[in-house]
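Derivation of every value follows stated rules applied to the coordinates shown; laboratory data play no part. Keep in mind it's a predicted model, so treat the numbers as computed, not measured. Cβ: placed from backbone, ideal geometry, glycine included. Neighbour counts: every protein chain shown.
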Amino acid sequence: MDKIYSHPKSLRNISTHYCPGCGHGIAHRIIAEIIDELGIRERTIALAPVGCAVIAYDYWNFDCSEAAHGRALAVATGIKRIHPDKIVFTYQGDGDLAAIGTNETIHAANRGENLTVIFINNAIYGMTGGQMAPTTLAGQKTATTPLGRDVSLQGYPLKISEMLALLPAVKYIERVSLHSPQEIIKTKKAIKQAFENQINNIGFSLVEVLSPCPTYWGMSPKQALDWIKEVMVKEFPLGKIK
């Protein structure tokens, strides 16, 4: 009988702490598969700042480091400049990359650092209790917007990928999603491209991944996937941005 499933060497065979229906587990496996396929496990260094994935080092079987909240790209820049032969990537949530770390994100992109950025957008702060994030949709209820995000008070959802695409040193940006098997395949293709860009010294690459958070969206796992497909992608259209 043909073997149709194998466990990636770059992913530890242990249970995760993520909530049922969370997209982080899927994203972790995709990254592990890509690193194995590209044969770069011994060269890879991941940066996971504060957020739901802060202990990603427990799950990935390659070198990882932590960074203060929002500072992953600053730390990644330092590591990459000292070790230009390494494949350095950050794995960041929307609150980290697009709020607390907006400054680091914009300037690393503007400098054209040869890094790979995996941007998990679940439109909410997951680790700290479900507060409004920069990517929270208009009308979306959170712990800090119980009546829904009011754009007259809190502004509009921040489209960080479109903003970064305006910078000349940014080489590749694509938005993908985890809401269906077909979209997961596209997600893997995009993330693999972002890693290949770094291997080939092309420059700054970012993949934004729309990911479900059933716990703080107040939905079942299936409802969360449907919400991405029916609601979230209207605000954050999928596809290659640059």
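Within this structure, VAL50 passes the test of being of a type in the set (Val, Ile, Thr), closer than 27 Å to PRO214 by Cα and buried (at least 18 other Cβ atoms within 10 Å of the Cβ). The number of residues in the range 181-214 that are within 23 Å of LYS234 (Cβ to Cβ), polar (S, T, N, Q) and in contact with a helix residue (DSSP H, G or I) (Cβ under 7 Å, 6 or more places away or on another chain) comes to 2.
Residue check: GLY23 meets all listed conditions (1) surrounded by fewer than 18 Cβ atoms within 10 Å (Cβ to Cβ); (2) out of contact with any helix residue (DSSP H, G or I) (no Cβ under 8 Å at 6 or more places or on another chain) but one, namely (1).
Out of ILE45, ILE34, one residue alone is in contact with a Cys (Cβ under 8 Å, 6 or more places away or on another chain) and either of a type in the set (A, V, I, L, M, F, W, C) or surrounded by fewer than 19 Cβ atoms within 10 Å (Cβ to Cβ) (or both). It is ILE45. Taking the conditions (1) touching a Pro at 6+ places or on another chain (Cβ under 9 Å); (2) under 19 Å from CYS52 (Cα atoms); (3) surrounded by fewer than 24 Cβ atoms within 10 Å (Cβ to Cβ) in turn, THR128 satisfies each one other than (1).
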